[in-house]
Amino acid sequence: MTGLDFLAPEHRNLFIGGEWRDADGGDRFEVLDPADGSVLTEVADASVADALEALDAAAAAQAAWGRTAPRERGEILRRAFELIAARADGFATLMSLEMGKTVAEAKGEVAYGNEFLRWFSEESVRIHGRWMQAPAGGSRLLTIKKPVGPCLFVTPWNFPLAMGTRKIGPAIAAGCTMVVKPAAQTPLTMLALAAVLAEAGLPDGVLNVITTKHAGEVSAALQADDRLRKLSFTGSTGVGKVLVRQSADQLQRVSMELGGNAPFLVFGDADIDAAVDGAMIAKMRNMGEACTAANRFLVHSSIADEFGRKLADRMGALKLGRGQDAGVDVGPLIDENAVESVGRLVTDAVHDGAKVVVGGSAPAGPGYFYEPTVLLNVPADSAINKEEIFGPVAPITAFDTDEQAIERANATEYGLASYVYTRDLARTIRVAESLEFGMVGVNTGLVSNPAAPFGGVKHSGFGREGGFEGIEEYLDTTYVSLPAD
Ligand code: NAD
């Protein structure tokens, strides 16, 4: 079954303690189709009281869940992985409907997001501490890993499945319970995921989902509660800072996956065609609405025009339209504000002296579309080079020396993804070591991989998702000192 029917009507509700139920006051809110602004369906609008009930359920389930055998937790994740893989089309179409991305892209996200469940199903049985002799002798040092306890997960609308599984997978593997609050624009995919995890055998109360229009109040109330031990947030840097401040009172452990301003460096020796291929992925994945999206193209002056022309040819050939229609390459942006914000950055860049090679405007509605756009000669200090664009616009700025390229790449408060195109090994090493970013893609436009530690530095946040590091975010360490004899 694909389309909206994939999510059963009874699942368009809160999921608390293993039950699907309405919000206390019966409130609901609408979920919109960004391709035309029409109403897709409604979901329950959780109040603070509902959220605290979800935490009650998570707290009540924690002790028993933390004691389950690691293999049992892994097997639940593995079963959920198999179920999602078998229903990939249903998940992809549902996600495309609420978020706008094409079904082909959504299938890519289902495959990627689902891999976190498989990866952490395998990691659940590899949680271990260590045993060592104290350096001076006389005692033995033992460390034990324990689940941190009930978690709150707040996720964004741009990757409705993957941003959830990156947190839910390791939390389940580690033995934590959780309350998940998806973005109000895209709650449906998370509800479908909760239904699958329940079907896979996840005990009641381990995962609770609250959909709400009151994100601020709900998060503040949950964070004020001393039963909540961990917060993992993916979203904008501004909201992330609010949540970090709120974590202080209860000293919650915090992971922050925040905004980015990825530089895409193309050196004079690069394979230009390969760089254009990579640029299409790094820029156009998710219509540019990705924290890892290439935001600033820094290209050596000897090849900047050729790179810009070739990129413009590819961008100009993309077909805009509804994500579920055949032949469509680029779906709508999430809402009207997104179109306005992208339009303002382009207008300002042109005012600052940039040249539009292709695109440069928003087509007439309905829907929230923006044309794939390439800008040449963008001044380094133009707003478009400083802010997260979150749309299908590629601003190109030329550089002359490696030092200039690195300095410009690092001239941002963000530090999430970065990309480098060069065929010179020594340069690759020098540049990768000099970039102040959590991730560096070399001759590739895609860095995300469930087996790798995803995360940022500076204002892009802290903590890592995926890789061997991912599960550590959900584990506390107890050290036990033992006498030697
Ligand atoms: P957002 O910060 O507006 O919203 C993210 C989530 O926070 C949503 O669930 C929202 O309802 C909730 N929220 C909003 N205000 C809140 C508050 N006061 N208290 C608690 N929760 C609140 O971000 P967005 O527009 O949904 O997502 C886009 C942003 O997310 C971009 O900046 C992007 O770079 C970032 N992002 C980062 C990563 C990463 O891994 N680093 C991945 C995807 C997106």
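Looking at the structure I just gave you, is PRO379 in the same structural domain as ALA270 (by TED's automatic domain parsing), open to solvent by less than 40 Å² (accessible area, probe 1.4 Å), in contact with an Asp or Glu (Cβ under 9 Å, 6 or more places away or on another chain) and under 14 Å from SER301 (Cα atoms)?
Details: in the same structural domain as ALA270 (by TED's automatic domain parsing): yes; open to solvent by less than 40 Å² (accessible area, probe 1.4 Å): yes; in contact with an Asp or Glu (Cβ under 9 Å, 6 or more places away or on another chain): yes; under 14 Å from SER301 (Cα atoms): yes.
So PRO379 passes the test.
Anything in region 208-233 that is within 19 Å of the chain's Cα centre (by Cα) and of a type in the set (A, V, I, L, M)? List them, or say none.
VAL209, ILE210, ALA215, LEU231
Taking THR68 as the residue in question, decide whether it is in contact (Cβ under 8 Å) with a residue 60 or more places away in the chain, of a type in the set (Val, Ile, Thr) and outside any helix (DSSP H, G or I).
Values: in contact (Cβ under 8 Å) with a residue 60 or more places away in the chain: yes; of a type in the set (Val, Ile, Thr): yes; outside any helix (DSSP H, G or I): yes.
Judged against the criteria, THR68 is a match.
Looking at (1) assigned to a helix (DSSP H, G or I); (2) charged (D, E, K, R); (3) more than 30 Å from LEU32 (Cα to Cα), find the lone condition where ARG140 falls short.
(1)
Please determine, by comparing only the residues of region 447-467 that are near the ligand (Cβ under 10 Å from one of its atoms) and polar (S, T, N, Q), which one is nearest to PRO170 (Cα to Cα).
Out of the qualifying residues, it is SER448.
Considering (1) within 13 Å of the ligand (Cβ to nearest atom); (2) part of a helix (DSSP H, G or I); (3) open to solvent by 10 Å² or more (accessible area, probe 1.4 Å), say which one PRO156 fails and leave the rest.
Exception for PRO156: condition (2).
State whether the residues of region 199-207 include one that is under 14 Å from ALA54 (Cβ atoms) and within 16 Å of the ligand (Cβ to nearest atom).
To start, the set of residues in region 199-207 that are under 14 Å from ALA54 (Cβ atoms) comprises 204-207.
Among the residues that remain, those that are also within 16 Å of the ligand (Cβ to nearest atom) are: none.
Scanning region 199-207, I find no residue that is under 14 Å from ALA54 (Cβ atoms) and within 16 Å of the ligand (Cβ to nearest atom), so the answer is no.
Go through region 358-378 and give me each residue that's of a type in the set (S, T, N, Q) and part of a loop (DSSP other than H, G, I, E, B). Write out each step before concluding.
If we filter region 358-378 for residues that are of a type in the set (S, T, N, Q), which is where we start, we get 361, 373, 377.
SER361, ASN377 - these are the residues of region 358-378 that are of a type in the set (S, T, N, Q) and part of a loop (DSSP other than H, G, I, E, B).
Quick check on my filter: what residues within region 449-459 are buried (at least 20 other Cβ atoms within 10 Å of the Cβ) and in contact with a strand residue (DSSP E or B) (Cβ under 8 Å, 6 or more places away or on another chain)?
To start, the set of residues in region 449-459 that are buried (at least 20 other Cβ atoms within 10 Å of the Cβ) comprises 450, 454-456.
Listed by number, the residues that qualify are PHE454, GLY455, GLY456.
Mind listing whichever residues of region 76-126 are in contact with a Pro (Cβ under 6 Å, 6 or more places away or on another chain), of a type in the set (Gly, Ala, Ser) and closer than 19 Å to GLY467 by Cβ?
SER124
Name the helices (runs of 4 or more DSSP H) wholly within region 210-322 that hold at least 3 residues that are within 13 Å of the ligand (Cβ to nearest atom) and surrounded by fewer than 21 Cβ atoms within 10 Å (Cβ to Cβ)? Walk me through how you get there before you give the answer.
Values: elements: 215-224, 237-247, 272-284, 304-316.
Ranges flagged: 215-224, 237-247.
Here is a check on your reading of the model: is GLU30 part of a helix (DSSP H, G or I) and open to solvent by 70 Å² or more (accessible area, probe 1.4 Å)?
On the way: part of a helix (DSSP H, G or I): no; open to solvent by 70 Å² or more (accessible area, probe 1.4 Å): yes.
Criteria not met by GLU30.
Yes or no: region 323-336 includes at least one residue that is within 27 Å of GLU413 (Cα to Cα) and either buried (at least 23 other Cβ atoms within 10 Å of the Cβ) or outside the structural domain of ALA398 (by TED's automatic domain parsing) (or both). Break it down into steps so the answer makes sense when it comes.
Taking region 323-336 as the starting set, the residues that turn out to be within 27 Å of GLU413 (Cα to Cα) are 333-336.
Restricting the remaining residues to those that are either buried (at least 23 other Cβ atoms within 10 Å of the Cβ) or outside the structural domain of ALA398 (by TED's automatic domain parsing) (or both) gives 333-334.
Among the residues of region 323-336, at least one is within 27 Å of GLU413 (Cα to Cα) and either buried (at least 23 other Cβ atoms within 10 Å of the Cβ) or outside the structural domain of ALA398 (by TED's automatic domain parsing) (or both), which makes the answer yes.
Just checking, does region 168-182 include any residue being away from the ligand (no atom under 13 Å from the Cβ), touching a helix residue (DSSP H, G or I) at 6+ places or on another chain (Cβ under 7 Å), open to solvent by 10 Å² or more (accessible area, probe 1.4 Å) and at pLDDT 95 or above? Before you say what the answer is, go through the steps one by one.
Residues of region 168-182 away from the ligand (no atom under 13 Å from the Cβ): 168-178.
Now narrow it down to the ones that are touching a helix residue (DSSP H, G or I) at 6+ places or on another chain (Cβ under 7 Å): 169-178.
Retained after the next criterion (residues that are open to solvent by 10 Å² or more (accessible area, probe 1.4 Å)): none.
No, the conditions are met nowhere in region 168-182.
Select, from LEU55, LEU14, the only residue that is under 23 Å from the mean Cα position of the chain (by Cα), within 18 Å of LYS181 (Cα to Cα) and at pLDDT 95 or above. Outline the logic, then answer.
Numbers: LEU55 fails: under 23 Å from the mean Cα position of the chain (by Cα).
Criteria check complete, one pass: LEU14.
The values are calculated or read from the model by the stated rules, or taken from the named source; none is laboratory data. What you see is a predicted model, and the numbers here were worked out from it, not measured in a lab. Glycine also receives a Cβ, built like all others from the backbone with ideal geometry; neighbour counts cover every protein chain displayed. Surface accessibility is based on the protein's heavy atoms, side chains included, excluding ligands, DNA and RNA. Shrake-Rupley method; radii C 1.70, N 1.55, O 1.52, S 1.80 Å.
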